[in-house]
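The values are calculated or read from the model by the stated rules, or taken from the named source; none is laboratory data. Bear in mind that the values here come from a model prediction, so they are computed numbers and not experimental data. Neighbour counts run over all protein chains shown; Cβ positions are idealised from the backbone, glycine included. Side chains are part of the model used for accessible areas, which takes the heavy atoms of the whole protein and leaves out ligands, DNA and RNA. Shrake-Rupley method; radii C 1.70, N 1.55, O 1.52, S 1.80 Å.
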Amino acid sequence: MEWSDSWRGAFRIELRAEAVNLAWHGWPVLPGTYPAGDGWAGRDEVEHDGPTPVHHDWQERIGTSADQVATWWTGGSYSILLATGHGVDAIEVDADLGRKAAVALRATGVPVPIVATPAGRWLFLVASGEGLRSGGIAADWAAENGVTHHGEGEYVPLPPSPFQHGVAHWRVKPQICGWQLPAAAVVQDALLEAVATPATLETALVAAERG
């Protein structure tokens, strides 16, 4: 996908508004590199992998005010990165497992913000302070099912961050849960249920999509 200068200029407004809104709600957001051909621009030179923070000292900028965040997006259509481990963590899974876990969460009536990326990965946003469990089945399903926890010292993309083949988007917006994040255990339980009873959840997923 080509990101023209005119498109980038218009899209910058949307990215800036979303970044400011997230910062206003206390989420530690940072500007990240953006697609440029086959690479990622926004730092000293075009890089092969991305998105990554634009500022090399990004960890020192965590917690910046919304007013200052607004200035970061004045000069470029940067990706929006969330610095995890500072109030918000992320549990990353593939799209198939993510859909099944979302059905399980819906059944419990617990809304969880969910981000989907063009790379086929889903991010469940949870409160910081609890990593993946250890021991028993929980020690196995993370490795076997491609489940990753993002905490302190890491970052993840948030909508509407651009990628070469699309943009990150919300499957469930944080407004749905009133910006209140569940404990990581809530999502882990849903993921365990999705792994343990795939047939049941698959039937529920089909029914939910038809409904």
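About the Cα centre, and with charges only on the beta carbon of Lys, Arg (+1) and Asp, Glu (-1), how big is the dipole of the stretch 39-176? Nearest 20 debye, please. Could you put the intermediate results ahead of the total?
Numbers: 9 positive and 16 negative charges, 149 e Å.
Using only the charged Cβ atoms, the result is roughly 720 debye.
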**Report entry** Selection from His149, Ala104, Leu30, by position along the positive dipole direction of the chain (Cβ)
**Finding:** Ala104
Query - Residue (of His55, Ile176, Val20) at the positive-pole extreme of the chain, dipole from beta-carbon charges - result: Ile176
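Taking the radius of gyration and the Kirkwood hydrodynamic radius from Cα positions alone, what is the Rg/Rh ratio for the stretch 1-111, to two decimal places?
On the way: Rg = 16.0 Å, Rh = 15.6 Å.
My calculation of the ratio gives 1.03.
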**Report entry** Cα-based radius of gyration of the stretch 81-180 once divided by 2.2 N^0.38 Å, which approximates compact folds
**Finding:** 1.05
Report task. Give a quick list of GluC sites (Glu not before Pro) in the stretch 16-71 that DSSP marks as loop, anything other than H, G, I, E or B, with at most 10 other Cβ atoms within 10 Å. Result -> Glu45
Query raised in the report: Where the accessible area of the chain is counted over protein heavy atoms with a 1.4 Å probe, how much of it, in %, is carbon and sulfur?
Result: 50
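Mean residue ellipticity at 222 nm from the helices of the chain, using -39,500 (n - 2.57) per DSSP H segment of n ≥ 4 over the full residue count, to the nearest 500 deg cm²/dmol? Before the final figure, lay out the partial values.
Working: 6 runs with 76 residues, N = 211.
Rounded to the nearest 500, it is -11500 deg cm²/dmol.
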Query - Top of Thr148, Thr197, Thr52 by mean-square fluctuation, Gaussian network on the chain, Cα under 10 Å - result: Thr197
Query raised in the report: Using modelled backbone amide H atoms (1.01 Å from N, in-plane), which distant-in-sequence or interchain residues come within less than 5 Å of Val126's amide H?
Result: Asp89, Ala90, Ile91
